[in-house]
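S.K.: Before I ask anything, here is the structure I am working with.
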Amino acid sequence: MFNKDLLIFSIMTFITVVVWTSLEVYHVYTTNTVPQSLTEVIEPLDPKLNTAIIESLKSRFDENTLPKPVITQPPVATKSAAKLTPTVTPTPTTIEDL
């Protein structure tokens, strides 16, 4: 009797798993994962470069018109500018002192 119940339970579980998996696979294939707004925005790019615009940009940003970067040396710390920190020395204590 126990084996028959186990067999029926196993068959029903197998059928459930197969149906569930089949429905999930069907759902994945039928649904569209790309939103409509994204499909409207995506367009193929034009591979041609407009050389007139590139030449215009080159003439606008000539090497002589760009500002030169200013390079400065970092400040040097001196002994007089350094702060002195006091040193801490431990003092021995005994149990009676507490």
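The values are calculated or read from the model by the stated rules, or taken from the named source; none is laboratory data. No experiment lies behind these values; they were computed from the predicted model shown. Cβ coordinates were reconstructed from backbone atoms using ideal geometry, including for glycine residues, and neighbour counts include every protein chain displayed.
S.K.: Give PRO90, PRO47 a once-over and let me know the one that is modelled with pLDDT of 80 or more and not polar (S, T, N, Q).
M.R.: PRO47
S.K.: Let me ask something additional. Against the condition free of Cβ contacts under 8 Å to residues at least 60 places away in the same chain, out of contact with any Pro (no Cβ under 9 Å at 6 or more places or on another chain) and assigned to a helix (DSSP H, G or I), how does ASP5 come out, does it pass?
M.R.: So ASP5 fits the description; yes.
S.K.: Between THR65, THR72, THR33, which is at pLDDT 80 or above, in a loop (DSSP other than H, G, I, E, B), among the hydroxyl-bearing types (Ser, Thr, Tyr) and surrounded by fewer than 10 Cβ atoms within 10 Å (Cβ to Cβ)?
M.R.: THR72
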